[in-house]
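The values are calculated or read from the model by the stated rules, or taken from the named source; none is laboratory data. Remember, predicted model here, so these are calculated numbers, not experimental data. Note that we place each Cβ from the backbone using ideal geometry, even for glycine, and neighbour counts take in every protein chain shown.
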Amino acid sequence: MHILKSPLTYILILTALLLFGSVWNDSATMDELAHIPAGFGYVTQIDGRLNPEHPPLLKMVSALFAELAVNPYFPTDTRAWQSDINGQWDHGRIFLYESGNNADAIIFWSRVPFILLTLFFAMLLWRWTRERFGPLTALFTLIFFAFSPTILAHGRLVTTDLGAAFGFFIGFIAFLKFLENPTWKNTFIAGLLFGMAELLKYSLVLLIPLYGIMLLTWTLTLPQIRMHARIKHFFALAGKTAAIGCIGIAIIWIAYIPLVLHYPQEKQLRDTEAILESYPNKTLASLDLFFIRHPATRPLGQYMLGFLMVTQRASGGNTAYFLGEVSAAGSRIYFPVMYLYKEPLPFHLLTILALWIGIQNIRRKKTGYGLPDIGEWIHSHFTEFSAISFITLYWASSVISPLNIGVRHVLPTFPFIYFLVGKKLAEWVEMHITVNPKNMMSVFLELSRRFIATIPKYGLIALLVLWLIAETIATYPYFLSFYNELAGGTKNGYKIAVDSNYDWGQDLLRLRKFVEENNIETIAVDYFGGSNPKYYLGDKFVPWQSSKGPASGWFAISATFQQGTFGNTAPGFFRGPEDSYIWLQPYEPVARAGTSIFIYKLP
């Protein structure tokens, strides 16, 4: 046990270095432009008018860190704050880049809590898997988590994806502990963590059906219990599960009180009416307005508004470039393909190995696969069954959604996949020796045989794990743009998909460095992201877009805009000629800023 504490320490230190080192020169990404000012509005103004489509908890902690470290000026005399409806983007631009603040300092310190959360998540994942499955499983799981480019990319940004993964994990383990030992103490803890999870991202509502699946399956598979007792136990657990939900609602209610204290009720009502004007379910929209009209339920009304905004956006889809085509309809293969290309190839090989081990284990057991056998297996492997249930539930909801804006949206399933794969690999390499202890020679010979037999196993897994670690470190600092060898590597990943998979605006500081090093006097830029080219490039910046026609001299364009105009349009999707960079297609870029901004020298 003491030996395996050292890998935890070393891996956490290396992960911290990768996170802090890679984020230092990353400019603000797209969603950070909305999340950062929203958090400051919550903390400094006690007002939740900005960015209601995401819960407040992480944004508040982020802003508190930055407020203590930087103490920037937060303007409240802008149109974006006073009269616009959710003017998050304009107010973010004004707050960060047009109010005399040090934007880089605000952005960096706002990111620090997310990095700390990622490190804490890694430690929690290690500790939980070690206690439940043993140290070797914990080590594999920690390595997969700490050296996932997707985890490293989004675990250092002021966004909701890593927080969502953390929320699902704490909600999962708390409810699992409750089922195993349904005391009122564990009920209260599960309710507290359920409420906290719901304050991290609205997708955490999927914990509710997951809890239902876990509760029903746990009760049905309890061994050696008569039906009458089983039904009685189910209703007892169901009652306490309802208490968990009530505690969670109370936590949400309390947490949203600060968001409406200085948010004028008339403006909250006006904003909500405008946002939900086109919401298809008028009953739910009217219920939300009812909550907002009554002072006691205003906090719940603000929470409900965000949830309705998310459901409306998810059903509407988004315009995205994917596999050479631009579409707003979404694709059912989007998330499977992105997962295939965005996770390291050695991890996929380890996953295939783990599946093969699982299949071999089933074949060796030679059971009749009747209902009693299945029930016994589920109850004795309830953690794994519940994890598989969550992965299935989450992926199913993601695949049917037309909202295709990044592999980060299935990131909450990654920790569960990691410990499932790690557990099977650990089972494969561990030696289970059952020999006659009276015959010492047979014990020695059996030990020797088993040890020799495990050497190829350890060698194969060690090779793949070292490949995984080396490939991720070699990607530094471009974790967000990472693509594996199947996609042609990080350099060519933009040909598969862009946006938060590749280009989220993170390379503007690197464009400034290129401009300075090459003594460029002016450069036309079509930039996608949450930063501000004027703030970093000053008078050298010439704003550009495709409708202006051909540029001349130095020209830079973000990969998201380039692929969005170079790609073919899907049937039914219209893109005007003025929105296409047809004139740019004959030219090749002479350089890149980071990975995501292409730089041209035009006639």
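Worth a mention:
- Residues located in the range 294-319, provided they are more than 30 Å from the chain's Cα centre (by Cα) and surrounded by fewer than 14 Cβ atoms within 10 Å (Cβ to Cβ): 294, 295, 296
Okay, residues lined up against (1) under 26 Å from residue 321 (Cβ atoms); (2) without any contact (Cβ under 8 Å) to a residue 60 or more places away in the chain:
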position	(1), (2)
456	no, yes
460	no, no
494	yes, no
499	yes, no
510	yes, no
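- Residue ID - farthest from residue 313 (Cα to Cα), chosen from residues in the range 263-292 that are under 31 Å from the mean Cα position of the chain (by Cα) and outside any helix (DSSP H, G or I): 263
- Given (1) at pLDDT 95 or above; (2) surrounded by fewer than 24 Cβ atoms within 10 Å (Cβ to Cβ); (3) of a type outside the set (Val, Ile, Thr), number of the condition residue 41 does not satisfy: (2)
- The listed residue being surrounded by fewer than 18 Cβ atoms within 10 Å (Cβ to Cβ) and within 23 Å of residue 532 (Cα to Cα), out of 22, 99, 62: 99
- Counting the residues of the range 428-473 that are among the charged types (D, E, K, R) and at pLDDT 90 or above gives 1.
- Residue that is nearest to residue 55 (Cα to Cα), among those in the range 114-151 that are among the small types (Gly, Ala, Ser) and not in a helix (DSSP H, G or I): 148
- Residue 504 satisfies every condition listed in (1) assigned to a helix (DSSP H, G or I); (2) modelled with pLDDT of 95 or more; (3) buried (at least 24 other Cβ atoms within 10 Å of the Cβ) except (1).
- Check on residue 100, of a type outside the set (Asp, Glu) and in a helix (DSSP H, G or I): no
- Residue 335 surrounded by 12 or more Cβ atoms within 10 Å (Cβ to Cβ) and either in contact with a Ser or Thr (Cβ under 7 Å, 6 or more places away or on another chain) or at pLDDT below 90 (or both): yes
- Candidates are the residues of the range 225-274 that are modelled with pLDDT of 95 or more and of a type in the set (Lys, Arg); the one that is nearest to residue 188 (Cα to Cα) is 240.
- Residue satisfying condition, being among the aliphatic types (A, V, I, L, M), surrounded by fewer than 18 Cβ atoms within 10 Å (Cβ to Cβ) and over 20 Å from residue 32 (Cβ atoms), within set 116, 124, 136: 124
- Consider the range 12-47 and keep the residues that are part of a loop (DSSP other than H, G, I, E, B) and among the acidic types (Asp, Glu). The one that is farthest from residue 153 (Cα to Cα) is 47.
- Hey, residue 506 of a type in the set (S, T, N, Q) and either farther than 30 Å from residue 340 by Cβ or in contact with a Lys or Arg (Cβ under 8 Å, 6 or more places away or on another chain) (or both) or not: no
- For the range 374-399, the candidate set comprises residues that are of a type in the set (A, V, I, L, M, F, W, C) and within 18 Å of the chain's Cα centre (by Cα); within that set, the residue that is surrounded by the most Cβ atoms within 10 Å (Cβ to Cβ) is 390.
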